[in-house]
1. Can you pull out the residues in segment D:192-201 that are free of Cβ contacts under 8 Å to residues at least 12 places away in the same chain and either closer than 22 Å to D:Pro109 by Cα or not in a helix (DSSP H, G or I) (or both)?
2. How many residues does segment A:87-115 contain that are touching a residue at least 60 places away in the same chain (Cβ under 8 Å) and more than 11 Å from A:Cys34 (Cβ to Cβ)?
3. When D:Asp76 is evaluated against the numbered criteria (1) within 24 Å of A:Leu113 (Cβ to Cβ); (2) surrounded by 24 or more Cβ atoms within 10 Å (Cβ to Cβ), which criterion, by number, is the only one it fails?
4. Between a residue in segment B:145-158 that is under 16 Å from B:Lys108 (Cβ atoms) and among the hydroxyl-bearing types (Ser, Thr, Tyr) and any residue that is part of a strand (DSSP E or B) and open to solvent by 20 Å² or more (accessible area, probe 1.4 Å), which pairs come within a Cβ distance under 8 Å, given they are 6 or more apart or on different chains?
5. For segment C:219-235, name all the residues that are at pLDDT 95 or above and either among the polar types (S, T, N, Q) or more than 25 Å from C:Leu17 (Cβ to Cβ) (or both).
6. Tell me which residues, restricted to segment C:38-50, are touching an Asp or Glu at 6+ places or on another chain (Cβ under 6 Å) and either away from chain D (no Cβ under 12 Å) or in a loop (DSSP other than H, G, I, E, B) (or both).
7. How about segment A:134-176: which of its residues are open to solvent by less than 40 Å² (accessible area, probe 1.4 Å) and either aliphatic (A, V, I, L, M) or assigned to a helix (DSSP H, G or I) (or both)?
8. Would you say A:Ala84 is in contact (Cβ under 8 Å) with a residue 24 or more places away in the chain, open to solvent by less than 10 Å² (accessible area, probe 1.4 Å), small (Gly, Ala, Ser) and closer than 27 Å to A:Ile2 by Cβ?
Number of protein chains: 4
Amino acid sequence: MIDLNADLGEGLGPWRLGDDLALLSIVSSANVACGFHAGDPVIMRRTCAAAVERGVVIGAQVSYRDLSGFGRREMDVAPEELTAEVLYQIAALDGIARVEGDRVRYVKPHGALYNRIVRDPVQAEAVAAAVEAYDPALPVLTLPGSKLHEVTDLTIVNECFADRAYTPAGTLVSRREPGAVIEDVAQVADRALRMAVEGVVEATDGTRIRVDARSICVHGDTPGAVELAQAVRKALENAAVPLRSFA
Amino acid sequence: MIDLNADLGEGLGPWRLGDDLALLSIVSSANVACGFHAGDPVIMRRTCAAAVERGVVIGAQVSYRDLSGFGRREMDVAPEELTAEVLYQIAALDGIARVEGDRVRYVKPHGALYNRIVRDPVQAEAVAAAVEAYDPALPVLTLPGSKLHEVTDLTIVNECFADRAYTPAGTLVSRREPGAVIEDVAQVADRALRMAVEGVVEATDGTRIRVDARSICVHGDTPGAVELAQAVRKALENAAVPLRSFA
Amino acid sequence: MIDLNADLGEGLGPWRLGDDLALLSIVSSANVACGFHAGDPVIMRRTCAAAVERGVVIGAQVSYRDLSGFGRREMDVAPEELTAEVLYQIAALDGIARVEGDRVRYVKPHGALYNRIVRDPVQAEAVAAAVEAYDPALPVLTLPGSKLHEVTDLTIVNECFADRAYTPAGTLVSRREPGAVIEDVAQVADRALRMAVEGVVEATDGTRIRVDARSICVHGDTPGAVELAQAVRKALENAAVPLRSFA
Amino acid sequence: MIDLNADLGEGLGPWRLGDDLALLSIVSSANVACGFHAGDPVIMRRTCAAAVERGVVIGAQVSYRDLSGFGRREMDVAPEELTAEVLYQIAALDGIARVEGDRVRYVKPHGALYNRIVRDPVQAEAVAAAVEAYDPALPVLTLPGSKLHEVTDLTIVNECFADRAYTPAGTLVSRREPGAVIEDVAQVADRALRMAVEGVVEATDGTRIRVDARSICVHGDTPGAVELAQAVRKALENAAVPLRSFA
């Protein structure tokens, strides 16, 4: 059993990023932007409605408050502020999701915040505090090895990336390195399948490493991304791997 | 029995407007800003905590999305957008209020939106649609004669103003007219008392008119406003009029 | 002699609208967004650099302050505020344009502000006051019949639309009416040519009406828009009509 | 000869910080907020007009784009972005200042950006690049020892603080330490005088250290701050020290 998650609803006003409806037909979990790095109330509502219609589970994709930087710039936000900002975002999306017939079932930090809390226990704890306060039953999606695992009793769920190269140590090869992103569709689909079935991935030096992940993240905002995601889903279906959200 | 309501939490980052803690010791209902004209997640959380501590009922003070204009500029927002924006604000504040031990118990539109829906049935219906979708049990605070009364089955609660002059027709004298705002403390307290006990106010021509209101709005962001509000509360207490929220 | 103008630089952060570089190879005047409805400093700088490189004249596309609504929602902004906001936008873009080797040579209001000042002399005057204060030599691009013509001594330049149907009175057919937008490429190119050469357009009832316009507005953010603009330019070139900005 | 500088125009919409008019009667240089951490076009225009009226020199107080955090949160902004954002702010304020009869004569980074470029040469260079591009004659106000001194040929001007304790090494005692801020008015005025006349200050251990500064920064947004600034000015006047901006 595996989950596929993708970032969704990352538009603003007239702007769009990626093909939301195509992705909603592929994934089992939708990380819906909550208005701090992308997303506005109309887009949030439409995205939730479309997710509910397709039985896709809704998660709150929470971010630093940085619309003009798309949440990609690390910020030194004080813990009280960060907790309140995450809480605000979860609550806003949850209310909208409930109106559309479901609710927020997990939390996934976005962009610079996602990366920051992998290594910063203070911000990790601030994010966790918001989830604990809102609903301690909500799992949080992150990387294996994230500081989140150490600072909270929340359910922390790991994800992996079928289109990213892994080091022998099990971490992602930096995007600045050549070969960091795998573009061959068949190869990506094959890697996803092994991640789901065997729980392993082949590192850059050929060694097989364990991937401790319950969800595979697919992207939708790059050319060919939807085709890639479809190939991953197809490979899982062909192998009769059940696609099911963790949340 | 009467309610006193005031706008609260109308700061942003380092900025503040009015003396929130003083007002929270006077009113029975707090119209808490939700981040669209004022208020940020930290301020919202602190304001909710302080309101819960004092037993003051929390309402969502929803607005056009216009931080730089403080929600005071009328905007031609399309109904779908306005509904989604109001829904987002109610949900965000409700989630924060629940974390602090209570919840949003009513809705009060702010500034230009407040005035617009008094006469515009389309925007009134868009606001009502958000409340209906979120929780049809939530009352909405507005002026007598507002279009809201015509477009929805929600509970619509009227408010009045002890420091504003009334025309013989029962409407507020425009702020552009001399004498629109009554500044004498004793007079304001006396008017509030008659509004609460007899349900009447003396119009500019001396005629007594009925004031169909369950709540009196007090302000906190002008010099002397807190003293005025205290005088109103004192007059009600001295007359043994129970102070109780409508929500 | 005619000018072709288009809206450019209407992205924000990771978001884009239209194909700016394609349009910059077609038009003679670039209405560059200034950050209030779209555009951020990086996009503004890149757009100015690309315009200068191609010899395209830069204009300030000023707007209400409404990023989330893309400046499409009419706002009741007080004159002092509107003047200061327009001034701020012109100055910001002008500074960036100067760094890239040219400067702002005209002003074109965007979206709801564009439409509002056609009929509202108060906001028209507030916009004009900003241009007058900044540089009274800057022309303003608008519709024939706009209130701008009445409220200022600035040079007011009219534009027309080759892909829009005209009423016998010379106004645009509302977009809500069928046939308001002409999609046939050959027809649009032909209309543009007659507008440029003869100064006329055929209204919906077949009568020829005068089009008092020095510039034709082309769009870039709809499917097929760039092809349409290219066809217009080609038709003008084939007829040896000089393409030259008014500014 | 010495300069007194203060942060001004740090309001937004209905919000204010500090007493701008009082400060403008005290200082010789006004660091005017440009809309990214505070300030809106109306406030910027009014502040420039009041500065020009009093002969106070106008500087651009540029910041990270972070209204809700008042520019106090460090951000990992990429150099191209930071340069464009600083350029945008300088240009916007300069245009407004010119309309009011003067122009921007220097640049002072605000808050987290101010502190970041003291130690980060990449962001320091990005800020300097904006000033160089806009007008290489503009000086930049910063701390002695800032990385700005190393990365640019711009004129870099140092400032000091009469109300802050200094370490024997000549750096500011951290605000987290007791005694970091000196509140005694007479003592602050005396320190300012010695800074201006002798170019020295007494460090926490009693040693006299050189203060290499052409400007003294005074604050206006804390209780008693205006009185403190007035005392500093008075002490300088009594000692016949000419008050003159560096720009």
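The values are calculated or read from the model by the stated rules, or taken from the named source; none is laboratory data. All of these numbers come straight from a predicted model, not from anything done at the bench. We place every Cβ from the backbone using ideal geometry, glycine too, and count neighbours over all the protein chains shown. With ligands, DNA and RNA removed, areas are computed over all heavy atoms of the protein, side chains included. Shrake-Rupley method; radii C 1.70, N 1.55, O 1.52, S 1.80 Å.
1. Those that are free of Cβ contacts under 8 Å to residues at least 12 places away in the same chain and either closer than 22 Å to D:Pro109 by Cα or not in a helix (DSSP H, G or I) (or both): D:Glu198, D:Val200.
2. 3
3. All conditions pass for D:Asp76, except number (2).
4. Partner pairs satisfying both residue conditions: B:Ser146/B:Ile156.
5. If the condition is that a residue be at pLDDT 95 or above and either among the polar types (S, T, N, Q) or more than 25 Å from C:Leu17 (Cβ to Cβ) (or both), then C:Gln230, C:Ala235 are the ones that fit.
6. The answer is C:Ala38, and nothing else.
7. Hits for segment A:134-176 are A:Leu138, A:Val140, A:Leu141, A:Leu143, A:Leu148, A:Val151, A:Leu154, A:Ile156, A:Val157, A:Ala162, A:Ala165, A:Val173.
8. no
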